[in-house]
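Enquirer: Pasting a structure here, questions to come.
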């Protein structure tokens, strides 16, 4: 068997234009079907004339054409991977930022909740007895009521700080979740499109083998039995198509963002 030329494809095995059309299924065009049949017939006739052509191919496929078909499949999958990765680059940056914002907001929520829960329900005796210069003529009852009003306002502000921080946590975590979903979906699209390419190249290989066998059978009927083509290894997808999305930034483990509220909402 002749080796695959590094700079040129085998005759009759031209690169298909627009194998994948922007999200739709890869199509097996009639012209390419015809070309694949011609390539199979050519190689089948060559096999009948030169039996040494059946020697094992170094890449595991029994002919140069089939080996090139596998190579084109992997190249197409790599294009899908690279295009998808490029599309989510900015999303990954945004996700890292959203996760950082969420972590900071959780810290703010924890601190605000500790301050709120640590505050007493009533003003301290020292607070109730304090008098400002403008209060020297005020009655004890008036000052007491004023101090209690001030304390309730302080508690309300502490509570409001908790709710503000809690809202920031919710927004940041929702943003991070949405970005994660978008990145995973784009990776999933690359996997789906790679599987479409696999189906297309399997169809091409089947068309080629049928024509190959037909030409071989006409010239040398006995050669078909136990022919290397009958044990052609299946086309394979790259390993990344069976793995989780690799583009999500590494997330630092954080303490749970759920803060138990002991004080009742006022």
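The values are calculated or read from the model by the stated rules, or taken from the named source; none is laboratory data. Quick caveat, the model's predicted, so the values are computed rather than measured. All Cβ positions, glycine included, derive from the backbone under ideal geometry; neighbour counts span all protein chains shown.
Enquirer: What about residue 248, is it surrounded by 10 or more Cβ atoms within 10 Å (Cβ to Cβ) and either at pLDDT 65 or above or in a loop (DSSP other than H, G, I, E, B) (or both)?
Expert: Against the criterion (surrounded by 10 or more Cβ atoms within 10 Å (Cβ to Cβ) and either at pLDDT 65 or above or in a loop (DSSP other than H, G, I, E, B) (or both)), residue 248 qualifies.
Enquirer: Sticking with this structure for a sec: Within the range 226-242, track down each residue that is surrounded by fewer than 17 Cβ atoms within 10 Å (Cβ to Cβ) and outside any loop (DSSP other than H, G, I, E, B).
Expert: Listed by number, the residues that qualify are 230, 231, 239, 240, 242.
Enquirer: Looking at (1) at pLDDT 55 or above; (2) in contact with a helix residue (DSSP H, G or I) (Cβ under 9 Å, 6 or more places away or on another chain); (3) crowded, with 16+ Cβ neighbours inside 10 Å, can you tell me which one residue 68 breaks?
Expert: (2)
Enquirer: Does residue 111 meet the test of being at pLDDT below 95, surrounded by fewer than 12 Cβ atoms within 10 Å (Cβ to Cβ), out of contact with any strand residue (DSSP E or B) (no Cβ under 6 Å at 6 or more places or on another chain) and closer than 19 Å to residue 160 by Cβ?
Expert: no
Enquirer: Does at least one position in the range 17-27 carry a residue that is touching a helix residue (DSSP H, G or I) at 6+ places or on another chain (Cβ under 7 Å) and at pLDDT 55 or above?
Expert: yes
Enquirer: Quick check: is even one residue across the range 197-211 part of a helix (DSSP H, G or I), at pLDDT 85 or above and more than 19 Å from residue 64 (Cα to Cα)?
Expert: yes
Enquirer: Are any of the residues in the range 40-59 more than 30 Å from residue 221 (Cβ to Cβ), at pLDDT 75 or above and in a helix (DSSP H, G or I)?
Expert: No, the range 40-59 contains no residue that is more than 30 Å from residue 221 (Cβ to Cβ), at pLDDT 75 or above and in a helix (DSSP H, G or I).
Enquirer: Starting from the range 82-106, keep only residues that are touching a residue at least 60 places away in the same chain (Cβ under 8 Å), then list their pairs with residues that are assigned to a helix (DSSP H, G or I) and surrounded by fewer than 17 Cβ atoms within 10 Å (Cβ to Cβ) whose Cβ atoms are within a distance under 7 Å, requiring at least 6 positions of separation or different chains.
Expert: 84/189; 91/182
Enquirer: Hey, any hits in the range 226-237 for a residue that's within 30 Å of residue 115 (Cβ to Cβ) and at pLDDT below 85?
Expert: Within the range 226-237 (the criterion being within 30 Å of residue 115 (Cβ to Cβ) and at pLDDT below 85), the answer is no, since none of the residues qualifies.
Quick grid of which residues meet (1) within 22 Å of residue 96 (Cα to Cα); (2) surrounded by 14 or more Cβ atoms within 10 Å (Cβ to Cβ); (3) at pLDDT 85 or above:
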site	(1), (2), (3)
143	no, yes, no
146	no, yes, no
153	no, no, no
161	no, yes, yes
166	yes, yes, yes
172	yes, yes, yes
